[in-house]
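Structure first, then comments.
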Amino acid sequence: MKKNISILFLIPFAFFCCSQKKENIAIADKIPQNVHEKHIKKEIINDTLTVKIDKDILLKWNVRENEFVKDTNFYKYSKNNQALKKIAESILSENDLHVKICTKKTSNLKTGDIAFLYLWKNQKIYIFKCLKIQFDVINENCKIPEYLLDYIEKNRMTVHNKVIECKN
């Protein structure tokens, strides 16, 4: 009888200790990872990756949500023709961001993918109009059409040329 009471007395403490560890883990996930540019990992702060398109153009990508952080720069660039031109040119960039994305099966997210998605999300280009391919399958957990980024990965130069032509 005394053993049973002792065990019943200790069980709540075990649960309390376990719950405390989970809270510490959650806090640790939110601590910024300060990593040098030369290393494989990029700096991710609160699930946000800053993608450098040009010296004056920085876009922020939410890694967990697979979408842009819509800050003031996100809207500012969409009204600036020079910035849009630089973003369109950077579709050619194969700079690996070392981040997986919900619809890309063949490789990691690239700077050129971010550039294309930025133009598409701001309605500066329309996928079917520019690429002449219908990407209409969208997974319920992802806001980006299936296989779009894989297509861009395999045909980056063609996509770049079509986007430039489409924008003009």
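The values are calculated or read from the model by the stated rules, or taken from the named source; none is laboratory data. These numbers were taken from a predicted model, which means no experiment stands behind them. Heads up, the Cβs are rebuilt from the backbone with ideal geometry, glycines too, and the neighbour counts pull from every protein chain shown.
Miscellaneous remarks
- Verdict on ILE87 being of a type in the set (A, V, I, L, M) and within 19 Å of TYR75 (Cα to Cα): yes
- Sole exception among (1) buried (at least 20 other Cβ atoms within 10 Å of the Cβ); (2) in contact (Cβ under 8 Å) with a residue 60 or more places away in the chain for LEU149, by number: (2)
- Any hit, region 132-143, residues being of a type in the set (A, V, I, L, M), surrounded by 12 or more Cβ atoms within 10 Å (Cβ to Cβ) and not in a helix (DSSP H, G or I): yes
- The listed residues are LYS121, LYS129, LYS110, and the only one of them that is assigned by TED's automatic domain parsing to the domain that holds TYR77, touching a residue at least 12 places away in the same chain (Cβ under 8 Å) and surrounded by fewer than 16 Cβ atoms within 10 Å (Cβ to Cβ) turns out to be LYS129.
- Complete set of residues in region 71-97 that are surrounded by 13 or more Cβ atoms within 10 Å (Cβ to Cβ) and under 17 Å from THR48 (Cβ atoms): ASN73, PHE74, TYR77, LEU97
- Remark: pairs (first residue in region 78-93, part of a loop (DSSP other than H, G, I, E, B); second residue modelled with pLDDT of 95 or more and not aliphatic (A, V, I, L, M); Cβ separation under 7 Å; 6+ apart in sequence or on different chains) = SER93/LYS110; SER93/THR111; SER93/GLY112.
- The set of residues from region 116-131 being assigned to a loop (DSSP other than H, G, I, E, B) and among the hydroxyl-bearing types (Ser, Thr, Tyr) comprises just one member, TYR126.
- Scanning region 144-168 for residues that are within 15 Å of LYS105 (Cβ to Cβ) and assigned to a helix (DSSP H, G or I), we see that the one that is farthest from the chain's Cα centre (by Cα) is LYS154.
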